[in-house]
Amino acid sequence: MTDAALVRRRFLAGTTIDDLKAYMEPFADRLGYKFNTETEFVDEVLASEIEILELTGDVYCPCRVRTGDPKEDAKIVCPCIPFFRDQFAGLSKCWCGLFILKSIDDGGELLGVIDEPKDPVDVPVFRLDDLPPGQIRHVKVGRRDIAVARVGDEFFALANVCRHAFAPLAEGFMDGYTVMCPWHGWRYDVRDGTTDHPDADVRTFPVSVVEGEVFVTLSPRG
Ligand code: SF4
Ligand code: FES
């Protein structure tokens, strides 16, 4: 079966969770995926998709941000597996955890969780315009809290935890390439996570921007 046979179906208002399941299950199956084994979670995600359908006219992903550009947003209509096959293969799941690889017996650990992927994976976090230059914001990537900073048109990502007393760095103050902790003023270089306090550097993550979307790359810890 080729991807050409995977024709996307449009849904109308009044669609039920069972309607979505009946369409999505064989679609995902042909791509090597199945619904998460956590059925309550599956129903919650599909209920969110139905709410989005009623509001927008299509079943856009509940864990992704729509851009307003119909061509771009077509890539996050559920199931979006064909557009993100490499990334999902590295995670064993789709971004939301609604779908998991058929080989996974227990999807309980994969509910919306992106943690220690086997291979590096680029995780979309927000649209380029969502973070003005000179600002820093918190993003949750799976269970991990990350601060993404923007300096001009450059983006940097670092662990969102100050090593002094665990303040959230994303609530700190940007000064050039430095973020100042909001609690007691320790300063970290957002480019490499270094600080002038001994043994207190924080982990950093590669960031890329592709077609207006900002991605943080997660890798297995070395
Ligand atoms: S990430 Fe999962 S839930 Fe979201 S659109 Fe893709 S397949 Fe659907
Ligand atoms: S918690 Fe960051 S400087 Fe104290």
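Does the stretch 136-159 include one or more residues that are assigned to a loop (DSSP other than H, G, I, E, B) and of a type in the set (A, V, I, L, M)?
No, there is no match, as no residue in the stretch 136-159 is assigned to a loop (DSSP other than H, G, I, E, B) and of a type in the set (A, V, I, L, M).
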Any idea how many residues of the stretch 174-222 are within 16 Å of ligand 2 (Cβ to nearest atom) and in a loop (DSSP other than H, G, I, E, B)? 17
Sort out which residues of the stretch 131-148 are at pLDDT below 90 and away from ligand 1 (no atom under 14 Å from the Cβ), and write them in order of number. Val139, Lys140, Arg143, Arg144, Asp145
Give Ser103, Ser92 a once-over and let me know the one that is more than 13 Å from ligand 1 (Cβ to nearest atom), under 27 Å from Arg144 (Cα atoms) and either touching a Gly at 6+ places or on another chain (Cβ under 6 Å) or of a type in the set (S, T, N, Q) (or both). Ser103
List the pairs whose first member sits in the stretch 28-55 and is more than 16 Å from ligand 2 (Cβ to nearest atom), whose second member is at pLDDT 90 or above and among the aromatic types (Phe, Trp, Tyr), and whose Cβ atoms are under 6 Å apart, counting only residues at least 6 apart or on separate chains? Ala28/Phe99; Tyr33/Phe99; Val42/Phe35; Ile52/Tyr60
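The values are calculated or read from the model by the stated rules, or taken from the named source; none is laboratory data. All values reported here derive from a predicted model rather than from experimental measurement. So basically every Cβ, Gly included, is an ideal-geometry build from the backbone, and we count neighbours across all protein chains shown.
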